[in-house]
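Peer 1: Have a look at this one.
We did not get these values from a lab; they are worked out from the coordinates using the rules stated. Predicted, not measured: the structure shown is a model, and the values here were computed from it. Cβ sites come from the backbone with ideal geometry, for glycine too, and all protein chains shown count toward neighbours.
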Amino acid sequence: MPIGKAGAGRLAGAILSAVLAAAGAATASAQQKTEVVFSAGPTGGSWTPLAASVSQVVNTRVPDLNVQVEPGAALVNIEKIRTDKADLGWSMSTVWADARSGVGQFAGKPTDKALFIANFYPNVWQLVVPANSDIKSIKDLKGKPVALPARGNTSLAAGWEYLLKVNGMTLNDLGPKSYGPVSSNAEAVKNRQAMAAGWFTVVPASFVLDLGSAMQLRMIGVSDAEFDALKKINAGFVRYTVPAETYKEQGVGAAVATFQSPTILVASSRTSPEVVYKITKAIIEGRGEFANIVKSMKGISAAEMAQNFDIPYHPGAEKYYREAGLLKK
């Protein structure tokens with residue numbers, strides 16, 4: 001039956017209204033996404049790709065969240081959380097302890113805003129030099145050219161500066177210094193512009209494998225006396241031994257005693273518990289994805305990721321862990 005011009009007009013109007021309503025609903029849905037800023041790591045390390053993996057896992061499992069990754073570093077991330085410039089960030093147990101106590105880089109500006117979400121993997125101090133050099137201890141670096149992490153990076157403050165301190169030295173005792181990301185540090189050693197590079201990172205470390213493809217290396221260990229002195233500076237340090245086979249092809253034939261600080265994911269206390277609950281649930285249940293980025297996370301358990309090293313849980317993370325039966329108290 002013909003609907004006539006008036007009917008056609010009404011039908012067209014109804015269709016247009018439906019289309020506009022659907023578009024409005026889609027726009028409203030998009031606008032409902034909660035933006036989450038994730039401050040990750042420096043160029044060339046494992047923290048940036050791992051943050052991207054976390055972001056993908058969360059964004060896929062929780063459609064109403066949009067986790068965006070920004071460059072950062074352990075110290076920088078805590079500072080960004082302190083000043084409300086980030087919601088999430090990688091850090092280390094030792095950096096958190098300094099921030100909470102207001103010492104070291106946080107002297108005069110203590111903060112309790114960074115709260116625990118999850119433990120990820122050991123962050124191991126690894127200092128390498130050319131195997132054909134005469135450098136066998138950190139004291140042997142006096143006056144030598146060295147490639148250092150960028151200022152503000154944990155590997156500089158809690159690695160280089162602390163190790164130098166327990167050996168009665170400072171950065172001023174080193175020779176010519178270049179500062180930059182791990183990739184440029186490795187290039188400097190390759191080009192003989194520097195005689196050492198040292199970072200807190202995963203085992204095996206990409207910068208050691210890269211360097212070892214160009215030259216044979218020696219890894220400088222940390223003695224028991226040095227480690228005891230480090231623990232007095234920051235009780236968060238943990239002993240770690242790099243297995244003998246790890247860098248055999250790169251010239252390091254024996255196990256090397258060193259130390260580590262766990263890599264942790266923290267969130268700002270101002271980030272809502274509901275958002276952090278969703279993030280915690282997503283990363284714990286999707287943790288199998290992270291081994292594709294960091295091999296040491298292969299087979300990690302939910303209980304291991306819930307280990308908080310006495311750092312206060314974010315209320316959202318605590319809620320998830322209690323529901324999952326991972327917190328008993």
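Peer 1: What is the Cα coordinate range of segment 26-150 on the first, second and third principal axes, sorted by size from largest, in whole angstrom?
Peer 2: So the three principal-axis extents are 66, 36, 22 Å.
Peer 1: Rg (Å, one decimal) plus Dmax (Å, integer) for the alpha carbons of the chain?
Peer 2: Both quantities, over Cα of the chain: 24.5, 98 Å.
Peer 1: Where the centre of each part is set by its Cα atoms, how far does segment 131-204 sit from segment 295-329, in angstrom?
Peer 2: 34 Å
Peer 1: Considering only Cα-Cα distances, which of the following residue pairs are longer than 19 Å: Lys281/Lys319; Lys144/Lys190; Lys139/Lys248; Lys33/Lys113; Lys85/Lys278; Lys139/Lys177?
Peer 2: Pairs exceeding 19 Å: Lys139/Lys248; Lys33/Lys113; Lys85/Lys278.
Peer 1: Provide, as a two-decimal number, the C-alpha radius of gyration of segment 189-325 over 2.2 N^0.38 Å, N being how many residues it has.
Peer 2: Here the answer is 1.30, to two decimals.
Peer 1: How big is the charge dipole of the chain about its Cα centre, in debye rounded to the nearest 20, if each Lys and Arg gets +1 on its Cβ and each Asp and Glu gets -1 on its Cβ?
Peer 2: 360 debye
Peer 1: Beyond 23 Å, what share of the Cα-Cα pairs of segment 109-247 is found? Please give it as a whole percent.
Peer 2: Tail of P(r) above 23 Å: 33 percent of Cα pairs.
Peer 1: Let me ask another. Convex hull volume of the Cα atoms in segment 189-246, per residue, in Å³?
Peer 2: Cα convex hull per residue, to the nearest whole number: 105 Å³.
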